[in-house]
Amino acid sequence: MAELVEPGSTTRVPPAARRGPSRLMRFIGIAAATVVALDLGISVGIGMTSQAAQRLVSITGMMVYFVITVVSPFTGLLVWLVLYPFSETTLNIPLGSGATSLSPTRLMLSFLAIMLVAQTSIRKRPLPRLSHLDFWGLLFIGGLGLSAAASASPRAAIQIVLDNFLAPLGFYFLAKHLVTNRRELELLLSALLVIGGYSAFLAIHEQVTGVVWFLPNSTGVAFYSPGGIRVLQSLWGINAVFGSIFALVIPIAFYRLIESRSPPARLGYVLLNAVFLLAMFLSYKRAAWVAMFISLGILFVLFAASRRVLIMALVIAAIPVAALWPKIAARSLIEERIMYQADTLNGRTTRWQVAVELWRQNPIFGVGFGNFSVLSRFSAIENSFLDILVSGGLVAFVPFLMFWLLILRDAFLLYIRGPSRPGVFVDRPIMAAFLAAISTYVAIGLTYVYPSAINHMFCVLIGAVVASQAEAVRRRGLQAREGLAAAVTSAPGSQAPQQQMR
């Protein structure tokens, strides 16, 4: 029977207990990740010249994902998240006519769920338990399911609901169980910074050269108007996704800059923040610019150590802005991206008025998912929250609103008194960065309907930062009770009742 050791005790832990995964398992994980990268490179290189080649590459990539997930479910989550925009369009296994293809996202969601169940069955993880966030999330999916069934094209609508909402919530649930300590949380934040890094490179490259990368269906360079401001397309397809990603990662990058202790790390994060800010400007997404300033304002208020850094960044950024002001204030930029239809938010207010009128016709259950474009002359509402209200009515919107209000409540509670609770592995700086990052989802969502990629990133972040803390406290309580029971059982004179009667 292992001894119960209190935190801070000087009792030495046996080397076997300190060791993590064996060298063989680590080698398998590294090799599998290498094969994934090579597999994706080969798939792009051969251009999917034949259906057989595409299927072979897809099956190989799926098997590598499976190996990584078996070796380490958490590593599998990170690999899927980082490679999502590349693998989602290249690794797909057709399942025949009438059935949707098997994508890496669907496969990884199944793999990770199976691994979570398997580890629970052997008591490597505690039995999952639904929280208040899970409850409202399930009600939200149920409400959207009703709206999808009432759609003009139920099958397509249900598929969109599954990919855009159910899958992200599934990864939220998995992340809250797979992220169990501060090291894993920091690794997940690093994965988000990697996504922001290659997105920034592609954005800057496309704006400088005009060459679109990683978008097979691109018809060439797109412009907002004859003024010459490009619409970003590489990899993500539209500048709104680029702006959303940069708004998400900039608070995290500033948090890393402030918390880093070594000069090389600080220099690296200074350069990373500079690249992110430049890429954010070149996204030419007004809502993303506003969201970034809101998030940095939240970081300034909640994270005292960030104030000096943010002020210095503002002063340093003012120098190139002043030098390049004639070009920045060019007529095309002012007219096409800043002042263009500012009074109607580029025509969005008209869409919203039509959407509200449609919602009033059926406020409880909505008009049906995907029916807005059928019932109006517009293709999209351009508001994520209004889209849910109109499509699913109050049945879907109220659970969605409760889900987000509880996230904000739990996040503020963790910021205020979380570090004093046993088992919690977040602190106030990281919660300030989280609140700053999550504010961008709300700000940009007011003028944009998020695709599944952005929903995945934010749901994984919510599960890893907020929902994981309740699981950590619960695990700490279970371990304490098990340790106490073991100590009582192994204490001298604590024989079983049957033995005492003998």
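With Kirkwood's inverse mean 1/r over C-alpha pairs for Rh, give me the Rg to Rh ratio of the range 52-130, two decimals please.
Numbers: Rg = 13.9 Å, Rh = 13.4 Å.
Rg/Rh: 1.04.
Mean 1/r over all different Cα pairs, inverted: what Kirkwood radius does the range 70-187 give, in Å?
Numbers: mean 1/r = 0.0628 Å⁻¹.
After inverting the mean inverse Cα-Cα distance, the result is 15.9 Å.
Would you kindly work out the equivalent ellipsoid of the range 131-480 from its C-alpha gyration tensor and give its semi-axes, the square roots of five times the eigenvalues, largest first in whole Å? Walk me through the numbers before you get to the answer.
Working: eigenvalues 193, 188, 58 Å².
Working from the Cα gyration tensor, I get semi-axes of 31, 31, 17 Å.
When the dipole is taken about the Cα centre of the range 131-480, and only Lys, Arg (+1) and Asp, Glu (-1) are charged at their Cβ, what size is it in debye, to the nearest 20? Display every interim value, and only then the final one.
Working: 26 positive and 15 negative charges, 149 e Å.
Taking the Cα centre of the range 131-480 as origin, the dipole is about 720 debye.
Principal axis lengths of the range 357-449 from Cα atoms, whole Å, largest first?
52, 23, 16
What is the distance in Å between the Cα centres of the range 398-476 and the range 265-288?
23
What order do you get for 75-88, 154-167 when each peptide is scored by the mean count of other beta carbon atoms within 10 Å, highest first?
Those peptides, ordered most packed to least, come out 75-88, 154-167.
As an exercise, identify the trypsin sites (Lys or Arg not before Pro) in the range 81-152 lying in DSSP coil whose Cβ has no more than 15 other Cβ atoms within 10 Å. Can you show the working numbers first?
On the way: sites: Arg106, Arg123, Lys124, Arg129; in loops: Arg123, Lys124, Arg129.
Those that pass, being in a loop and sparsely packed, are Arg123, Lys124, Arg129.
Largest first and to the nearest Å, give the Cα extent of the range 125-181 along each principal axis.
45, 18, 14
Among Leu189, Pro422, Phe458, flag the residue with its Cα farthest along the positive direction of the charge dipole of the range 131-480, charges on Cβ as +1 for Lys/Arg and -1 for Asp/Glu.
Pro422
Just so you know, all these numbers are worked out from the coordinates, no wet-lab data involved. What you see is a predicted model, and the numbers here were worked out from it, not measured in a lab. For neighbour counting, all protein chains shown are included, and Cβ atoms are generated from backbone atoms with ideal geometry for every residue, glycine included.
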